[in-house]
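A short reminder: the numbers here are calculations on the coordinates, not readings from a lab. Note that the coordinates shown come from a computational prediction; the quantities given were computed from them, not determined experimentally. Positions of Cβ are backbone-derived with ideal geometry, glycine not excepted, and every protein chain shown enters the neighbour counts.
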Amino acid sequence: MWRYILRRSLLMLPIFLLISVVIFSLIHIVPGNPIDNLLGPGMTLEHQRKLTEKYHLDKPIHVQYYIWFKNLLHGDLGRSIIEKRPVSQLLMHHLPHSLQLGLSAIALSFIFGVSMGIISASARNTIVDHIAMVVALLGVTIPSFWLGLILILIFAVMLGWFPVTGSGSLETLILPAVTLALGGAGLIARITRVSMLEVMSKEFVVLLHAKGLGKKAILLKHILRNALIPVITILGLRLGWVLGGAVTVEIVFARPGLGQLLITGLYRRDYPVVQGSLLLLALGIMLGTFLADVLYAFTDPRVRDQHR
């Protein structure tokens, strides 16, 4: 098992290297120059030249990447060209808001999704099953930014139950967390339903019924426990992807998270900030995928035995 974890960890290294190359290249291909945002009325061409040299923008792109990646290996993400602050400091300031939103959404999506999946599987091929799957499908297909605007219109503007934007309180967290959770809840509900129906068709379930065990005990203690294995995998994957989804939701609800930092950096052509933000999001997705693989290997006896 530990050999599998080590092998899976080593596999992340070339992936991380490739992602860093792609992020760095894409940012520098985008038209515009961050130095232009620093040039005031009193700036001369000499000032522009010195700033360009200071941030190594006069060098070929592969040389710039080498300098950036070398510093990255030492834990230095550079300094914001516009803010004049370390990128790591900016990330640590905005990251807690994104984590708060992301983890809340994960918890809600698990609760809503598993509950909906249980109800749907228990009422297979009934009107309840069809309604639950339609709701799950809508949750998966509706874009989060559009869903966020709808929730703001209904619950903030029309009903006045929650504030439109902001952060720092439970009231300001509920709407964005629900917005981000519904997509994951729909996916988890569908996977829970399929997995539970598959487990229900196994012979051991028939034997449990023959022994006279109650339906509720069989459902929750035996069927659900086995059916949650693929759900756990999806949760691990969502841990990473939810940070990326939080970017869009944070913009809609004007939350001071990574989304705001990333969009501001893109608008200002602040290369170090954009690179650091995208790299952190990519790292979150990689770690989420890694965690999902490890959890799946631990929870599924077939995979666990295979890697012993």
Going fewest to most other Cβ atoms within 10 Å around each Cβ, Trp2, Trp68 line up as Trp2, Trp68
For Lys84, counting only lysines whose alpha-carbon sits under 27 Å away and dropping same-chain residues fewer than eight positions off, the answer is Lys50, Lys54, Lys59, Lys70
Checked against the positive end of the charge dipole of the range 94-304 (+1 on Cβ of Lys and Arg, -1 on Cβ of Asp and Glu, about the Cα centre), the farthest of Gly186, Leu243, Leu258 is Gly186
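Which shape class, rounded, prolate or oblate, goes with the range 94-304 when its Cα gyration tensor gives a ≥ b ≥ c as root eigenvalues, a/c under 1.5 marks rounded, and past that a/b bigger than b/c marks prolate?
Note, shape of the range 94-304 comes out oblate.
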Proxy exposure order for Thr192, Thr233 (fewest C-beta within 10 Å first) is Thr233, Thr192
Simple SL model, points at 7 angstrom along Cα→Cβ for Lys84 and Val135; separation in nm is 5.4
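Got a sec? How would Arg268, Arg8, Arg85 order by Cβ neighbour count within 10 Å, fewest to most? Intermediate values should be presented prior to the final figure.
Numbers: Arg268 19, Arg8 15, Arg85 12.
Ranking Arg268, Arg8, Arg85 by Cβ neighbours within 10 Å, fewest first, gives Arg85, Arg8, Arg268.
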Dipole check, the chain, charges on Cβ (K,R +1; D,E -1), about Cα centroid: among Leu91, Val205, Ala282 the Cα furthest to the positive pole belongs to Val205
Neighbours of Gly78 by Cβ distance under 13 Å: Lys/Arg at +1, Asp/Glu at -1, summed charge +2
So for R0 = 51 Å, FRET eff. of Ala210-Leu45 from the Cβ-Cβ r, to 0.05, ends up at 0.05
Given unit charges at Cβ for Lys, Arg (+) and Asp, Glu (-), the dipole magnitude of the chain about its Cα centre in debye, nearest 20, is 880
Rounded to the nearest 10, the angle in degrees between the Cα long axis of helix 45-54 and the longest principal axis of the Cα atoms of the chain comes to 50
For the chain, whose charge dipole is built from +1 on Lys and Arg Cβ atoms and -1 on Asp and Glu Cβ atoms, the candidate among Thr126, Ala136, Gly102 with its Cα farthest towards the positive end is Thr126
Only helices counted: for the chain, with every DSSP H run of 4 or more residues adding -39500 (n - 2.57) and the sum spread over all residues, [θ] at 222 nm is -25000 deg cm²/dmol
Contour minus Cα-Cα span, Tyr66 to Phe16, at 0.36 nm per residue, comes to 16.5 nm
Surrounding charge for His97, neighbours by C-beta under 12 angstrom, Lys/Arg +1, Asp/Glu -1, total 0
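What FRET efficiency comes out for Ser201 versus Trp161 if R0 is 25 angstrom and r is the Cβ-Cβ distance? Round to the nearest 0.05.
On the way: r = 44 Å, r/R0 = 1.74.
Once rounded, the FRET efficiency stands at 0.05.
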